[in-house]
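Structure first, commentary second.
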Amino acid sequence: MAKNKILVIGDVYVDFHIDKEMNEGYLLRLGGVFHSLRALSTLPCEVEVLYFSPNYLDQNIIKYLSKLNIKTYLKLGEINGSPNVMLINNSKEIYNQEYQDLLRDERTIDKGSCFDDLDKFLENNEYSNILIFSTACNVHEYFFTHELNINCSIYFDVLNLKIEGLVNSKDNYNYFFSTTSTINNLSANKLLDLFKENEIKYNSIIFKENRGGTLIFIDDSIFNIPAYIVECMHSIGLGDVFDAVYIYFNNNDIVEAGKLSAYITMLYCQTYDFNLFIANVKKLFNDKLDLPLGIRLPYDLRRNKIIYLAGPDFALNQITVFDEIAKSLEFHNFRVIRPIKENGLISDDTNRLEITSIINKDMDDLNNANIMIAIVPYDDSGTYAEIGYFYAMGKKVILFDPKNIVKNYFVLKCVYKKVIDINQLLTIIFSILGEKK
Amino acid sequence: MGSSGTGKFGNYTGAKNEENKCVEDFYDINLEEVAISDFYTSLKTLPDVGSKVYLFEKLHNKRLAIKDSKKDLIIGYLPIEYNYLYTNCILNKGYSYDGQVIFSNDLPIINVVVELNGKK
């Protein structure tokens, strides 16, 4: 078995970022397997790739593989009917990234002749690790249905889990999942239950929980890996980067491999500038830098974290910033309290009994909440009163104030941190609510 | 590899946007673990308001530490959300950070608040 000779198998996409937030206009770059390949190109290993793509991308694929110093590659098949372009409307994964895979349903695959000889290819090239992404061609089925005479670690990155597709799994196979790759956002424990109920064999399951860290299951052992929190520039391909780096480092020390993977993934999310990414990874190893403290906030446990949204949350018939923030937090599985929506709005017509009831419910919610997000589209005395009350309880208030409305210094003194967009907000929320690790 | 515009693949830098995060002023940073940090544990007191401080350029116990400029003792640590300063700004771009204590109190709980300015 060759040391650190890694094969990556998957599709090549064009990632087209159409977010309004891009500073230099729209951005497009090669995606799909290229995220993993970029990460591996920064590490001292030999990388080879088998891929599927539409033919109009062939020249650019070869050009950029060369730039990554990847010399051995093979196109396994041609994609027709679809340009393999992924429109991305939410690059920072504030909520669902809203990938739009253009003409996905028109896609057909011409499997090249190489696919027929895949087992000979694999046997003739001694790899230490093989990383297989979910592809349009369902390459993973090949590994499930063929007896392969190869001695290496095999990892599958599973998207859109269909449990019946894994029933022929083997007990030396390893699986990457994420909270967004499973149907109905399964938690790690529910995923494990599914595996057990369906008697699906595996060697390890690596369950990535985005900004909250990662869980690794091997035999009866569980390993918790932190995430390194920064305000990301983007969240595209991060799971793929994690996969690749983890495979590279995973020899004996699983936790160390996980931490390095998480850290290098953080470096990837901080920039679209590939040269800067390379420099950062090199610095990590050349300068033998210590890893900083990270946080761990499992997907399951976020439901126990109660976030109180304070502010004038009563616009009707329009999507408001409250809706956007609630949507984002709920996507990440936090419990969100919107007191006006849940307890009622006090107006001039509200009778006294009802006023008392609403206020008591609001107080209960404030007492039970772990953190407050105060949203201030304009000066609102009720919101300021809630800020003061929450601060006096010794709890943290995050002020969401992109328009710089709040000027009162006493109010500002009660605020732990002011943020101006949802991405910043998420960064702070995870930093505060996560367990330092 | 990325691109500005949609004409072709290229390399997106976005350098201007990333630079801004290093030079913004940092107000009202509540330091963490003040009660168990060197300054308080060895001197049994907190730094005065107005004391000069600086951000230690290396990680200490995996964290970014704020030191008192005169006594060179760790007063406390920056909250985790400031970790980006380490990779992005200190290591990559050579920024350093100094500032002062703007609030310091030990009742009802030990609390030190600083402000910092970044410079190259």
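The values are calculated or read from the model by the stated rules, or taken from the named source; none is laboratory data. Being a predicted model, the structure only gives us computed values, none of them experimental. Please note: Cβ atoms are built from the backbone with ideal geometry, for glycine as well, and neighbour counts cover all protein chains shown. For accessibility, only protein heavy atoms count, side chains too; no ligands or nucleic acids. Shrake-Rupley method; radii C 1.70, N 1.55, O 1.52, S 1.80 Å.
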(request) Would you mind working out the magnitude of the charge dipole of the protein assembly as shown relative to its Cα centre, with +1 at each Lys and Arg C-beta and -1 at each Asp and Glu C-beta, to the nearest 20 Debye? (result) 1420 debye
(message) Run the numbers for residue A:286 and residue A:69: contour at 0.36 nm per residue of separation, minus the present Cα-Cα distance, in nm.
(response) 76.1 nm
(request) Work out the FRET efficiency for residue B:24 and residue A:410 from their Cβ-Cβ distance, taking R0 = 22 Å, and round it to the nearest 0.05. (result) 0.40
(request) Please list, in chain and number order, the residues 5+ apart from residue A:176 or on another chain whose amide H is under 5 Å from its amide H, with Hs placed from the backbone. (result) A:156, A:157, A:158, A:206
(request) Work out, step by step, the length gained on full extension between residue A:327 and residue A:361: first 0.36 nm times the residue separation, then minus their alpha carbon distance; give nm to one decimal. (result) 10.0 nm
(message) Accessible area per residue for region A:285-437 in Å², computed with a 1.4 Å probe and the full protein assembly in place, what is it?
(response) 50 Å²
(message) Placing +1 on the Cβ of each Lys and Arg and -1 on the Cβ of each Asp and Glu in region A:394-437, which of A:412, A:398, A:430 has its Cα farthest towards the positive end of the resulting dipole?
(response) A:412
(request) Take the solvent-accessible surface of the protein heavy atoms, probe 1.4 Å, and return the percent of it on region A:26-80 that carbon and sulfur atoms account for. (result) 48 percent
(request) Could you check the simple spin-label distance between residue A:96 and residue A:150, using points 7 Å along Cα→Cβ, in nm with one decimal? (result) 3.4 nm
(request) Could you compute the FRET efficiency for residue B:119 and residue A:190, with r as their C-beta to C-beta distance and R0 at 41 Å, rounded to 0.05? (result) 0.25
(message) If I model a spin label as a point 7 Å beyond the Cα along the Cα-Cβ vector, how far apart are those points for residue A:162 and residue A:104 in nm?
(response) 1.3 nm
(request) Output the antiparallel fraction of DSSP beta bridges having both residues in the protein assembly as shown, as a percent to the nearest 5. (result) 50 percent
(message) Straight-line reach from residue A:407: which aspartates and glutamates fall under 18 Å, measuring Cα to Cα and dropping same-chain residues less than 8 apart?
(response) A:379, A:380, A:386, B:25, B:28
(request) Putting +1 on Lys and Arg Cβ atoms and -1 on Asp and Glu Cβ atoms, find which of A:50, A:66, A:112 reaches farthest to the positive end of the dipole of region A:48-130. (result) A:66
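Sorted by packing (mean other beta-carbon atoms within 10 Å per residue), highest first, where do A:352-363, A:216-227, A:304-315 land?
Working: A:352-363: 13.3, A:216-227: 16.2, A:304-315: 19.5.
Taking the mean over residues of other Cβ atoms within 10 Å, the ranking is A:304-315, A:216-227, A:352-363.
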(message) Which positions within region B:52-81 get 20 Å² or more of their accessible surface covered by the other protein chains, compared to the chain by itself, with a 1.4 angstrom probe?
(response) B:59, B:62, B:63, B:80, B:81
(request) Quickly work out the residue A:403-to-residue B:70 label distance, labels modelled 7 Å from Cα along the C-beta direction, and quote it in nm with one decimal. (result) 4.6 nm
(message) Full-extension gain between residue A:253 and residue A:126, please, as 0.36 nm times their residue separation minus the C-alpha to C-alpha distance.
(response) 43.4 nm
(request) Provide the buried accessible surface between chains A and B in square angstrom, both chains summed, 1.4 Å probe, rounded to the nearest 100. (result) 3700 Å²
(request) Please find the FRET efficiency linking residue A:341 to residue A:437, where r is the Cβ-Cβ separation and R0 is fixed at 30 Å, and quote it to the nearest 0.05. (result) 0.30
(request) Of the listed pairs A:305/B:93; A:92/A:436; B:44/B:67; A:75/A:208; A:75/A:201, which have alpha-carbon separations greater than 26 Å here? (result) A:305/B:93; A:75/A:208; A:75/A:201
(request) Whole number in Å², please: accessible area per residue of region A:172-279, 1.4 Å probe, ligands, DNA and RNA not counted. (result) 34 Å²
(message) Sorting check: for A:364-372, A:120-128, A:333-341, which peptide has the highest mean count of neighbouring beta carbons within 10 Å, and how do the rest follow?
(response) A:333-341, A:364-372, A:120-128
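Please work out the Kirkwood hydrodynamic radius for region A:264-401, using every pair of different C-alpha atoms, and report it in angstroms with one decimal place.
Numbers: mean 1/r = 0.0560 Å⁻¹.
Averaging 1/r across every pair of different Cα atoms and inverting gives 17.8 Å.
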(message) Let me check something: with ligands and nucleic acids excluded, how do A:209, B:115, B:33 order by accessible area (1.4 Å probe), largest to smallest?
(response) B:33, B:115, A:209
(request) With a 1.4 Å probe and every protein chain left in place, tell me how much accessible area residue A:269 has, in Å² to the nearest 10. (result) 10 Å²
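For A:282, A:92, write out the residues from largest to smallest accessible area, computed with a 1.4 angstrom probe and no ligands counted.
Working: A:282 110, A:92 40 Å².
I get A:282, A:92, largest accessible area first.
Given the DSSP H assignment, sum -39500 (n - 2.57) over each helix run of at least 4 residues in the protein assembly as shown and divide by its residue total; what's the result at 222 nm in deg cm²/dmol, nearest 500? Walk me through the numbers before you get to the answer.
On the way: 17 runs with 164 residues, N = 557.
Calculated from helices alone, the mean residue ellipticity at 222 nm is -8500 deg cm²/dmol.
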(request) Roll a 1.4 angstrom probe over the protein heavy atoms and tell me the percent of accessible area of region A:114-193 that is carbon or sulfur. (result) 40 percent
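Determine the shielding of peptide A:267-278 by partner chains: average, over its residues, the number of Cβ atoms on other chains within 10 angstrom of each Cβ. Let's see the in-between values first.
Working: counts 3, 0, 0, 6, 9, 9, 8, 5, 3, 7, 0, 0.
Rounded to a whole number, the mean comes out at 4.
Calculate how many DSSP beta bridges within region A:63-206 are antiparallel, expressed in % of all such bridges and rounded to the nearest 5. Before the final figure, lay out the partial values.
On the way: 7 of 19 bridges.
Around 35 percent antiparallel, to the nearest 5.
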(message) I want to verify the translational diffusion coefficient of the protein assembly as shown in µm²/s; compute it with Stokes-Einstein, Rh as the Kirkwood radius over Cα pairs, at 10 °C and 1.306 mPa s.
(response) 62 µm²/s
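Roughly how many percent of the accessible protein surface of region A:325-437 is carbon and sulfur, given a 1.4 Å probe and a whole-percent answer?
Working: 2960 of 5630 Å².
That fraction is 52 percent.
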